[in-house]
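The values are calculated or read from the model by the stated rules, or taken from the named source; none is laboratory data. Keep in mind it's a predicted model, so treat the numbers as computed, not measured. Using ideal geometry, Cβ is built from the backbone for each residue, glycine included, and neighbour counts are taken over all protein chains shown.
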Amino acid sequence: MISKEQTGQPPTLASPPETSEHSHITLIKPSQGWVSLQFRELWEYRELLFFLTWRDIKVRYKQTVLGAAWAIIQPFFTMIVFSLFFGRLAQVPSDGIPYPIFSYTALVPWTFFANGLNQASNSLVNSANLVKKVYFPRLVVPFAAVISGVVDFVLAFIVLIVMMLFYGIVPTANIIWLPYFLLLALCTSLGVALWLSAMNVQFRDVRYTVPFIVQFWLFATPIAYPSSLLSEPWRTLYAINPMVGVVEGFRWALLGTDTAPGPMIIVSSAVALVLLVSGMYYFRRMEKTFADVV
Amino acid sequence: MSKPVIQVENLGKQFHIGGTQQQYETLRDKVSSALAAPFRRAGKLLKGQATGAAELDEIIWALKNVSFNVNQGEVVGIIGRNGAGKSTLLKILSRITEPTTGEALILGRVGSLLEVGTGFHHELTGRENVFLNGAILGMKRTEINRKFDEIVAFSEVEKFIDTPVKHYSSGMQMRLAFAVAAHLEPEILIVDEVLAVGDARFQRKCLNKMQSVGQEGRTVLFVSHNMPAVTRLCERVILLDDGQILEDGPAHLAVSAYLNSGRGVSAERLWPNPKKAPGGPVSRLCAVRVISEAGQVVDSIDIRHPVGIEMEFETLEPDHILLPHFHFHNEDGTCLFGAHDLDPNWRMRPRPVGWYKCVVWLPGNLLAEGAIFVNAGVITMNPDIPQFYEREAVAFQVIDTMEPDSARGDWKKNMNGVVRPLFEWATDYLPNGNGTLKSSKKLKAHL
């Protein structure tokens with residue numbers, strides 16, 4: 001039993017004298033207000049992140065006939081539909097680039113973003129049994145869901161390379177920026193998904209909202225059309241949607257469109273960062289209720 | 001050696017019931033209640049209630065004012081009825097959920113095992129699941145690599161380790177899952193009722209493994225309904241009731257306090273208030289009790305003596321055929337057997353309205369030692385409709401007094417099995433040589 005003297009001074013509990021002997025000291029108490037992001041702990045659980053990502057990748061196309069082909073089918077057929085309706089029938093301009101590759105270049109990062117958002121938003125609820133029975137930084141779950149989409153992205157990207165060869169398009173030197181744009185898509189996807197997945201625990205409405213969000217967002221992003229339809233400064237303002245920066249960045253780096261995306265990318269990056277950080281804080285704040293509510 | 005590695009002080013956890021406990025809120029509910037809240041609060045203020053109290057609609061404390069210390073190397077059992085707060089306590093100490101009040105300080109790496117096989121994925125192979133599950137439980141990849149062979153050997157599923165887990169039997173899955181968990185090497189191990197799985201032999205293997213964990217100087221917190229396991233593994237037991245500590249002391253004291261406390265399941269249960277009694281339109285339960293041969297209510301019975309289970313019930317509508325019945329469970333939750341009324345006077349005969357008392361007598365030398373829980377019910381027949389079914393209506397202890405005239409004979413150690421009938425044994429003896437061998441030789445001669 002804790003003696004009376006000790007109970008009188010909680011700080012003795014918080015700072016035990018024998019700290020050196022134990023590598024792990026855990027103080028469990030009710031948290032109040034905004035909590036820290038605890039990157040260090042997240043880092044300690046990097047192997048779990050690895051294994052969950054690996055599991056998502058392994059399991060994703062189990063028991064499907066077409067398997068990993070789905071990663072390609074989705075953007076590829078969307079590209080065909082877009083090319084027919086927007087490219088052919090509606091004669092949407094495409095910055096002087098063949099419409100199919102113009103739209104496909106945008107659809108590859110878009111599909112990565114949309115699938116990541118979808119998977120990650122439902123990830124916490126889908127991992128309810130884990131959340132209720134094991135402790136780990138819950139951030140790992142949506143992180144793993146988004147990161148596992150990178151494999152699909154790579155598959156779809158290979159098709160993009162084939163298409164570039166077909167159309168005889170040589171990428172510009174700006175291609176070195178491509179990983180950055182992928183990271184930007186990842187951060188955006190994760191940022192939004194963190195908000196949605198945490199809300200999804202309490203409000204299952206979110207599950208039904210995500211397809212809507214993705215659908216509207218698709219048309220709010222210059223995938224079927226070029227952002228050059230807008231004049232400055234509206235174009236830069238348009239980049240408040242971070243996916244604008246991602247998509248135009250991809251086109252700039254790979255197809256050499258002269259949409260000079262500098263300011264757009266800065267705006268998009270800033271918004272994505274705000275989404276991500278705020279999402280993480282919101283997620284961490286809601287985290288304590290997950291196990292009780294999910 | 002004896003310094004506290006777990007210090008729990010005034011720990012409390014409250015849950016809201018009512019509005020917020022509804023499984024999933026929809027956004028609409030939340031928005032409308034948020035809009036209504038200021039008005040509600042204003043209304044309550046006008047009525048002179050404190051604002052603080054206005055928030056406390058329906059609150060239950062799953063845990064309240066719980067304080068205790070656990071020293072390094074101690075193996076502490078936590079027992080109590082369902083809903084006493086055991087799981088909540090473990091969940092707080094494993095950091096799965098946050099306490100509402102108080103704090104706990106834990107020194108050392110904690111491994112918690114609230115469920116066997118958490119995160120197992122059916123599509124992955126046994127090998128892959130070992131790594132995934134290990135990572136979920138907090139093991140490092142190098143650590144899993146090092147122990148992999150040992151884990152697989154322990155699980156006894158070597159042959160199928162590269163087969164997807166969905167093709168495993170449930171027993172195999174459990175064994176593999178427990179094998180991973182058993183090789184977790186934290187300084188503090190927190191275990192919830194996970195030993196109630198698998199066959200008896202594997203359960204024993206796990207118990208032994210846990211025992212050795214305790215002997216290695218690791219601290220273990222262990223929740224179980226399995227009282228023999230608790231007394232065997234733990235030197236100290238904490239008895240929780242209604243979210244508070246009722247007893248904290250040597251295992252046998254706490255366990256007997258639990259078994260004998262009126263708070264747990266007792267040997268006699270009465271439902272004097274017909275409105276609160278379990279029942280349907282035709283029949284209502286009045287009382288269930290455990291009686292000895294002498295007709296007295298007893299909460300423990302000598303393993304060699306018969307024991308009677310008595311049920312009083314009322315019939316409210318005439319012309320129904322009633323079937324009173326009991327189910328007997330042991331402390332692992334295993335159903336030992338069921339028994340229903342075979343009284344020839346009332347068998348398949350419509351019963352008039354009135355009060356009935358039936359009793360079933362279990363002979364001595366039938367049940368194994370330990371706690372027996374009795375579920376009691378009445379079914380009306382054709383069509384078969386349960387009128388009531390009271391789980392754990394009563395309970396009693398079967399005590400083995402170690403007298404040589406029981407099935408135990410002269411064996412003083414642990415005996416297996418969920419029942420312990422007394423059989424007749426006979427032996428043939430031939431003074432010189434082996435009888436069966438001779439007869440087989442004879443057989444050969446005939447051929």
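Okay, residues lined up against (1) away from chain B (no Cβ under 14 Å); (2) modelled with pLDDT of 90 or more; (3) under 12 Å from A:PHE113 (Cβ atoms):
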residue	(1), (2), (3)
A:CYS187	yes, yes, yes
A:VAL192	yes, yes, yes
A:VAL206	no, no, no
A:LEU218	yes, yes, yes
A:PRO226	yes, no, no
A:LEU230	yes, no, no
A:PRO233	yes, no, no
A:LEU237	yes, no, no
A:ASN241	yes, yes, yes
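Would you check if B:VAL130 is farther than 29 Å from B:LEU63 by Cβ, crowded, with 22+ Cβ neighbours inside 10 Å and either more than 23 Å from the chain's Cα centre (by Cα) or away from chain A (no Cβ under 11 Å) (or both)? Give the derivation first.
Details: farther than 29 Å from B:LEU63 by Cβ: yes; crowded, with 22+ Cβ neighbours inside 10 Å: yes; either more than 23 Å from the chain's Cα centre (by Cα) or away from chain A (no Cβ under 11 Å) (or both): yes.
Judged against the criteria, B:VAL130 is a match.
In this structure, does A:PRO261 turn out to be closer than 30 Å to A:ASP95 by Cα and surrounded by fewer than 16 Cβ atoms within 10 Å (Cβ to Cβ)?
Values: closer than 30 Å to A:ASP95 by Cα: yes; surrounded by fewer than 16 Cβ atoms within 10 Å (Cβ to Cβ): no.
No, not satisfied.
Would it be correct to say that A:VAL201 is modelled with pLDDT of 85 or more and either away from chain B (no Cβ under 14 Å) or under 17 Å from the mean Cα position of the chain (by Cα) (or both)? Spell out the reasoning first.
Values: modelled with pLDDT of 85 or more: yes; either away from chain B (no Cβ under 14 Å) or under 17 Å from the mean Cα position of the chain (by Cα) (or both): no.
Taking the combined requirement at face value, the residue does not satisfy it.
Considering each of B:VAL353, B:VAL360 in turn, give the residue that is modelled with pLDDT of 85 or more and in contact with a Pro (Cβ under 8 Å, 6 or more places away or on another chain). Lay out the reasoning, then the answer.
Working: B:VAL360 fails: in contact with a Pro (Cβ under 8 Å, 6 or more places away or on another chain).
Result of the check over B:VAL353, B:VAL360: B:VAL353.
Determine which single condition B:GLY111 fails, assuming it passes every other condition in (1) more than 7 Å from every other protein chain (Cβ to nearest Cβ); (2) free of Cβ contacts under 8 Å to residues at least 40 places away in the same chain.
(2)
Name every residue in the range A:133-153 that is more than 10 Å from chain B (Cβ to nearest Cβ) and touching a Ser or Thr at 6+ places or on another chain (Cβ under 6 Å), in order of residue number.
The answer is A:VAL141, A:PRO142, A:ALA144, A:ALA145, A:VAL146, A:ILE147, A:SER148.
Has the range B:116-124 got any residue that is surrounded by 23 or more Cβ atoms within 10 Å (Cβ to Cβ), within 7 Å of chain A (Cβ to nearest Cβ) and among the hydrophobic types (A, V, I, L, M, F, W, C)?
No, the conditions are met nowhere in the range B:116-124.
Please list, ordered by first then second residue, the pairs with beta carbon atoms under 7 Å, 6 or more apart or interchain, first in the range B:408-431 and outside the structural domain of B:GLU331 (by TED's automatic domain parsing), second surrounded by 10 or more Cβ atoms within 10 Å (Cβ to Cβ) and basic (Lys, Arg).
Sorted first by the residue in the range B:408-431, then by its partner, the pairs are B:MET415/B:ARG408.
On the given criteria, is B:ASN145 free of Cβ contacts under 8 Å to residues at least 12 places away in the same chain and either on the phi < 0 side of the Ramachandran plot or polar (S, T, N, Q) (or both)?
Working: free of Cβ contacts under 8 Å to residues at least 12 places away in the same chain: yes; either on the phi < 0 side of the Ramachandran plot or polar (S, T, N, Q) (or both): yes.
Yes.
Tell me which helices (runs of 4 or more DSSP H) are completely within the range A:1-86 and hold 1 or more residues being modelled with pLDDT of 80 or more and more than 10 Å from chain B (Cβ to nearest Cβ), or say none if there are none.
Details: elements: A:4-8, A:10-14, A:39-44, A:46-60, A:70-82.
Of the helices (runs of 4 or more DSSP H) lying wholly inside the range A:1-86, those with at least 1 residues that are modelled with pLDDT of 80 or more and more than 10 Å from chain B (Cβ to nearest Cβ) span A:39-44, A:46-60, A:70-82.
So which pairs qualify, if the first residue must be in the range A:273-285 and closer than 15 Å to A:PHE143 by Cβ, the second must be polar (S, T, N, Q), the Cβ gap must be under 7 Å, and the two must be at least 6 apart or on different chains?
Matching pairs, first to second residue: A:LEU275/A:THR188.
Look at A:SER103 and say whether it is within 20 Å of the chain's Cα centre (by Cα) and either part of a helix (DSSP H, G or I) or over 18 Å from A:ARG60 (Cβ atoms) (or both).
Numbers: within 20 Å of the chain's Cα centre (by Cα): no; either part of a helix (DSSP H, G or I) or over 18 Å from A:ARG60 (Cβ atoms) (or both): yes.
So A:SER103 fails the test.
Among the candidates B:SER170, B:SER94, single out the residue that is among the small types (Gly, Ala, Ser), under 28 Å from the mean Cα position of the chain (by Cα), at the interface with chain A (Cβ under 7 Å from one of its Cβ atoms) and under 23 Å from B:SER224 (Cα atoms). Even if it seems obvious, please write down each step before you answer.
Details: B:SER170 fails: at the interface with chain A (Cβ under 7 Å from one of its Cβ atoms).
Unique residue meeting the criteria: B:SER94.
Considering only residues of the range B:394-433 that are in contact with a Pro (Cβ under 9 Å, 6 or more places away or on another chain) and exposed (fewer than 11 other Cβ atoms within 10 Å of the Cβ), which is farthest from B:GLU312 (Cα to Cα)?
The qualifying residue farthest from B:GLU312 (Cα to Cα) is B:ASP410.
Yes/no per residue for (1) surrounded by 20 or more Cβ atoms within 10 Å (Cβ to Cβ); (2) not hydrophobic (A, V, I, L, M, F, W, C):
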site: B:GLY243; (1), (2): yes, yes
site: B:ALA251; (1), (2): yes, no
site: B:SER256; (1), (2): no, yes
site: B:TRP271; (1), (2): yes, no
site: B:ALA277; (1), (2): no, no
site: B:GLY295; (1), (2): no, yes
site: B:GLU314; (1), (2): no, yes
site: B:ASP319; (1), (2): no, yes
site: B:PRO324; (1), (2): yes, yes
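Is at least one residue of the range B:138-160 more than 9 Å from chain A (Cβ to nearest Cβ), surrounded by fewer than 23 Cβ atoms within 10 Å (Cβ to Cβ), of a type in the set (Lys, Arg) and within 22 Å of B:THR219 (Cβ to Cβ)?
Yes: one or more hits.
In the range B:312-367, what count of residues is obtained for those that are in a loop (DSSP other than H, G, I, E, B) and of a type outside the set (Lys, Arg)? First the steps, then the outcome.
Taking the range B:312-367 first, the residues in a loop (DSSP other than H, G, I, E, B) are B:316-319, B:321, B:331-334, B:341-350, B:352-353, B:363-366.
Narrowing further to those that are of a type outside the set (Lys, Arg): B:316-319, B:321, B:331-334, B:341-346, B:348, B:350, B:352-353, B:363-366.
So the count comes out to 23.
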